[in-house]
1. Just to be sure I understand, how many residues within the stretch 87-105 are open to solvent by 80 Å² or more (accessible area, probe 1.4 Å), assigned to a loop (DSSP other than H, G, I, E, B) and touching a strand residue (DSSP E or B) at 6+ places or on another chain (Cβ under 7 Å)?
2. Hey, among the residues in the stretch 38-51 that are assigned to a helix (DSSP H, G or I) and either open to solvent by less than 70 Å² (accessible area, probe 1.4 Å) or among the hydroxyl-bearing types (S, T, Y) (or both), which one's nearest to R80 (Cα to Cα)?
3. State which residue pairs qualify: first residue over 21 Å from Q67 (Cα atoms) and inside the stretch 92-110, second residue of a type outside the set (S, T, Y) and modelled with pLDDT of 95 or more in any location, beta carbons under 7 Å apart, and separation of 6 or more residues or different chains.
4. Please state which of the following conditions A131 fails to meet, knowing it meets all the rest: (1) open to solvent by 60 Å² or more (accessible area, probe 1.4 Å); (2) more than 17 Å from the chain's Cα centre (by Cα).
5. From the list D75, D58, exactly one residue is out of contact with any Pro (no Cβ under 8 Å at 6 or more places or on another chain), surrounded by 12 or more Cβ atoms within 10 Å (Cβ to Cβ) and modelled with pLDDT of 95 or more. Which is it?
6. I'd like to know if the stretch 47-56 contains one or more residues that are more than 16 Å from L105 (Cβ to Cβ) and among the acidic types (D, E).
7. Restricting the stretch 14-55 to residues that are among the basic types (K, R) and modelled with pLDDT of 95 or more, which is farthest from R89 (Cα to Cα)?
Amino acid sequence: MTTTPERTDQRDLPYNVFAKACPSRGTLEHVTGRWGSLTLGALYEGSLRFNELRRRVDGVSEKMLSQTLHALERDGLVHREAQPTNPPRVDYELTPLGREVAERLLALIHFVEGSMDEVLAARERYDARRAARQIKG
């Protein structure tokens with residue numbers, strides 16, 4: 001029998017991410033989306049300029065990184081510091097809240113990376129079962 005973790009410590013919280021209209025759901029989406037989690041993880045290493053961050057988060061477009069940074073800044077997870085230089089210099093870094101979120105995300109990222117042999121083996125088994133069913137069916 002599977003049990004769910006107790007939420008006794010959270011029952012008195014005014015937010016419930018499982019409720020459709022709860023604002024915490026949007027923040028969860030920003031944090032756990034592909035670009036949000038990778039951006040937070042990259043910024044955990046320290047302050048980065050936009051193009052440095054774009055190179056670090058391989059595959060993200062300029063538009064998606066910009067949208068991601070705006071969302072994370074709005075949620076109070078990322079701080080944007082514009083330097084009055086010519087050309088303008090903009091640095092991004094995690095806020096204390098963003099740092100706490102990134103630590104938790106990095107624990108998950110490291111767990112996933114460390115479990116990839118099992119994941120890849122499971123994928124192979126799944127694909128083999130599917131292929132066998134298609135041949136029979």
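1. 1
2. This residue is F50.
3. L106/G41; I109/G41
4. (1)
5. Exactly one of D75, D58 is out of contact with any Pro (no Cβ under 8 Å at 6 or more places or on another chain), surrounded by 12 or more Cβ atoms within 10 Å (Cβ to Cβ) and modelled with pLDDT of 95 or more, namely D75.
6. Checked against the condition, which is being more than 16 Å from L105 (Cβ to Cβ) and among the acidic types (D, E), the stretch 47-56 yields at least one hit.
7. R55
Let's see how each residue does on (1) exposed (fewer than 15 other Cβ atoms within 10 Å of the Cβ); (2) in a helix (DSSP H, G or I); (3) in contact (Cβ under 8 Å) with a residue 60 or more places away in the chain; (4) hydrophobic (A, V, I, L, M, F, W, C):
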position	(1), (2), (3), (4)
L53	no, yes, no, yes
H70	yes, yes, no, no
E81	yes, no, no, no
T85	yes, no, no, no
E118	yes, yes, no, no
Y126	yes, yes, no, no
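The values are calculated or read from the model by the stated rules, or taken from the named source; none is laboratory data. Source: prediction; values computed, not measured. We place every Cβ from the backbone using ideal geometry, glycine too, and count neighbours over all the protein chains shown. Side chains included, ligands, DNA and RNA excluded: accessible areas come from the protein's heavy atoms. Shrake-Rupley method; radii C 1.70, N 1.55, O 1.52, S 1.80 Å.
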